[in-house]
């Protein structure tokens, strides 16, 4: 049985001891702290496959229309997996006999069969000896280890009457790019085989309001992307990372 003296001490401490603490500790009507935000939801399971890997002299350029880059951990997809450049800029973890490497999709390999990858020389050397020439592989989609926001590459020759936009520095493959029209609605911009989203009738003088959706179900909006002939524009944020 608790003593009345003990109960009295609690009451006195909670009352006049420190006003600030009393307001926090004794106000039973205070709302609880907000719950932490739930992790982002991701649609579907990561894509995976098996096949054979070969290698070629790659510099990061190719059918995806990316610029050459100092990071030569890149790959080309088979023609049957190309899917109108849908996987451009996505990253794959490729496992072979000697190890695993993460590569970024930058090109198409017309001679490759479904599931095959043509890796850069540097990437192939991480999974098998170059002397082997080819190797059995298993690969899976992973998040690209990017930093900073999404980047918009405006194609040279773009104007208010014809515009082409490419997305770079994205975490997952891009599923859709949309532009907001004068009525406030969004409409999809078709994607070409060169990895540019092309608005044949133009998008106006800008700045443009654009909305991106990746293949994992995340969406991102940028409200003021300047057009500019050949310009490179940084977005406001990056797409979320799947848990």
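The table for this structure:
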| read-out | value |
| --- | --- |
| Gain in span if fully extended, residue 219 to residue 48, counting 0.36 nm per residue against the direct Cα distance | 59.3 nm |
| Simple label model, 7 Å out from Cα along Cβ direction - residue 188 to residue 59, nm | 3.6 |
| Residue 229 versus residue 71: modelled label distance in nm, points set 7 Å from Cα along the beta carbon direction | 3.2 |
| Ellipsoid semi-axes in whole angstrom, largest first, where each is sqrt(5λ) of the Cα gyration tensor of segment 126-186 | 37, 15, 12 |
| For 120, 158, order by how many other beta-carbon atoms lie within 10 Å, fewest first | 158, 120 |
| Kirkwood hydrodynamic radius (C-alpha pairs) into Stokes-Einstein, segment 151-234, 4 °C and 1.567 mPa s, D in µm²/s | 102 |
| Computed lengthening from residue 84 to residue 98, 0.36 nm per intervening residue step minus Cα-Cα distance | 1.9 nm |
| Estimated inter-spin distance, residue 236 and residue 136, nm [label 7 Å along Cα→Cβ] | 5.0 |
| Rh by Kirkwood over Cα pairs, then Stokes-Einstein D for segment 73-164 at 1.002 mPa s and 20 °C, µm²/s | 147 |
| Ratio Rg/Rh [Cα only; Rh per Kirkwood] for segment 99-243 | 1.04 |
| Kirkwood Rh, Cα atoms: Rg over Rh of segment 172-215 | 0.96 |
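A short reminder: the numbers here are calculations on the coordinates, not readings from a lab. Note that the coordinates shown come from a computational prediction; the quantities given were computed from them, not determined experimentally. Methodologically, a virtual Cβ is constructed for each residue, glycine included, from the backbone with ideal geometry; neighbour enumeration extends over all protein chains shown.
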